[in-house]
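Beneath this line is the structure, given in structure tokens, with notes to follow.
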Amino acid sequence: MKVDYVKIDDVNGEITVTLEEQDYADKVKKQLKEIGKNHAEPGFRPGKVPAGLIQKKYGSAVKYDIINKEVGNAVFDYIKENKLHVLGNPVPQQGNDFDIEAKDFTLKFKVGIAPEFETKVNKDLSVPYYTIKVSEDMINKQDELLTRRFGKQEPGEEVDATALVKGVITELDENGQPQEGGVVVENAIVAPQYFKSEEQRNLFLGKKVGDVVKFNPAATCDSNPTEMSSMLNIDKSEVEAHKGDFNFDIKEIIVLKPAEHNQEYFDMVFGADKVHNEEEYFAELKKIIEAGLSNDSDYRFTIDARKAIQDAIGTLQLPAEILKDFLKNQNEALNDENIDEEYTRLIPELEWELEKEAIASQLDIKIEEEDLLNTARQIAQTQFAQYGMNSVPAETLDRYASDILKDQKARTQIYNQTVDNKLFNGIRASVTLDNKEVNVEEFNDLFRNA
């Protein structure tokens, strides 16, 4: 067997496979012999079928399958051994003359080759990097969030924005009087902060124990049957008959008292003996905010870096026809009528995948198991932080990270995320950063303007 390669142009080539009878004859004989051993024919038991009958009935099909396999293996082995960066799949040339009765065969395949280009990832390339300033307002809001999260519920004098209100709900008739035989809920609890109607919410604000509030349960929840049945302690099938006004006789008010800035609170937020006074506390709050904002800055960098790199490289020459053929084979919804539009839409991503691959090779990006664990740890840490757990022990994070990676779908996502993280970290270290400090509004404008 002989395999030759000819370069047609920068992104197209042709592989020619020449197959002689000696390259496949023994394999055809062996396959036919196996068929004779195991296959019965009318009047013949397995192993007793004449070789001539087997050859006549199955010879051409077996010959075709073996030649097809031999040629296919030869093409892909040549690509692998010669490290051809092929895009799509090899396409058999229309001029291939295949006669199953022939002894020797010459088959040609057109292959698409990835273009060669400079990545432009070096200190000559300038990319903006936006650092978001931490404002006093951000710190105060973070403080308010945490003191409420670690606060305690206790009896209050009047209803505020976060209060739970306990009392008696009584259904009213059209004259505003208690309805005879109407709904009465003796131990009702409502949380006005979750009302969908601001008007209904405001009816409760500022009220005290002993006050009576006239409100409309249906209006508090857009007549949601589940919410109404829960509030009025009735079946969902009955709520349609009870969409009028009700009185709420306030018996008890429970308010959330934010946590005080003391050592117990500092330990709950940051772990034992990590913060000792307000100065250290607010400094740690600033670090938490900066960590979150740095993720936003890094994300913005991925957008700006990609644009800068692609603008510097320019449009890549691609083996369009081979890629279109590949896309049609991969997606049955694509055909000759719509492939041009879809290909045009996909070109930026096709180019970026090639560029990422070249940059990863230039920067020697490799992914180890420890890299995946680090990404999984970060995910676990973020999830814990959402519940106010900012000082989770390392062994706990390791256990959760390992559990995450046991899920194959999650592992694939984490692998892709890790590749991007290491790639853009490498890009960031290799280019010249145009550092810019902006406030949150200016940073958000970057996305709105895009």
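The values are calculated or read from the model by the stated rules, or taken from the named source; none is laboratory data. Just so it is clear, the model here is predicted, and its values are computed rather than measured. Using ideal geometry, Cβ is built from the backbone for each residue, glycine included, and neighbour counts are taken over all protein chains shown. Ligands, DNA and RNA are stripped out before the accessible areas are found, and what is left, the full protein with its side chains, is counted by its heavy atoms. Shrake-Rupley method; radii C 1.70, N 1.55, O 1.52, S 1.80 Å.
Can you list residue pairs whose Cβ atoms sit under 9 Å apart, with the first residue in the range 173-195 being closer than 27 Å to ASP160 by Cα and the second being assigned to a helix (DSSP H, G or I) and of a type in the set (Phe, Trp, Tyr)? Count only pairs 6 or more apart in sequence or on different chains.
Short answer, once both residue conditions are applied: VAL190/PHE204; PRO192/PHE204; PHE195/PHE204.
Give the residue that is least open to solvent (accessible area, probe 1.4 Å), with candidates limited to residues of the range 219-246 that are among the polar types (S, T, N, Q) and in a helix (DSSP H, G or I).
Taking the candidates together, the pick is THR220.
Quick test for you: out of GLU264, GLU321, GLU355, GLU332, pick the one residue that is part of a helix (DSSP H, G or I) and within 26 Å of the chain's Cα centre (by Cα).
GLU355
Say we look at the range 109-149 and pick out the residues that are closer than 30 Å to LEU84 by Cβ and touching a strand residue (DSSP E or B) at 6+ places or on another chain (Cβ under 8 Å); which of these is most open to solvent (accessible area, probe 1.4 Å)?
So the residue we want is LYS110.
Please state which of the following conditions PHE447 fails to meet, knowing it meets all the rest: (1) in a helix (DSSP H, G or I); (2) among the hydrophobic types (A, V, I, L, M, F, W, C); (3) surrounded by 14 or more Cβ atoms within 10 Å (Cβ to Cβ).
All conditions pass for PHE447, except number (3).
Out of the residues in the range 381-402 that are of a type in the set (A, V, I, L, M), surrounded by 14 or more Cβ atoms within 10 Å (Cβ to Cβ) and assigned to a helix (DSSP H, G or I), state the one that is modelled with the lowest pLDDT.
ALA385
Test PRO50 against the criterion of being over 30 Å from PHE326 (Cβ atoms) and in contact with a strand residue (DSSP E or B) (Cβ under 8 Å, 6 or more places away or on another chain), and give yes or no.
Spelling it out, PRO50 is indeed over 30 Å from PHE326 (Cβ atoms) and in contact with a strand residue (DSSP E or B) (Cβ under 8 Å, 6 or more places away or on another chain).
When only residues in the range 150-188 that are surrounded by 12 or more Cβ atoms within 10 Å (Cβ to Cβ) and among the polar types (S, T, N, Q) count, which is farthest from LYS257 (Cα to Cα)?
Out of the qualifying residues, it is GLN179.
Which residue out of ASN338, ASN295, ASN329 is open to solvent by 60 Å² or more (accessible area, probe 1.4 Å) and without any contact (Cβ under 8 Å) to a residue 12 or more places away in the chain?
ASN295
In the range 358-380, which residues are part of a helix (DSSP H, G or I) and either open to solvent by 40 Å² or more (accessible area, probe 1.4 Å) or modelled with pLDDT under 80 (or both)?
Those that are part of a helix (DSSP H, G or I) and either open to solvent by 40 Å² or more (accessible area, probe 1.4 Å) or modelled with pLDDT under 80 (or both): SER361, GLN362, GLU369, GLU370, ASN374, ARG377, GLN378, ILE379.
Exactly one of these conditions fails for ALA219: (1) free of Cβ contacts under 8 Å to residues at least 12 places away in the same chain; (2) within 14 Å of GLY244 (Cα to Cα). Give me its number.
Here ALA219 meets the rest and fails (1).
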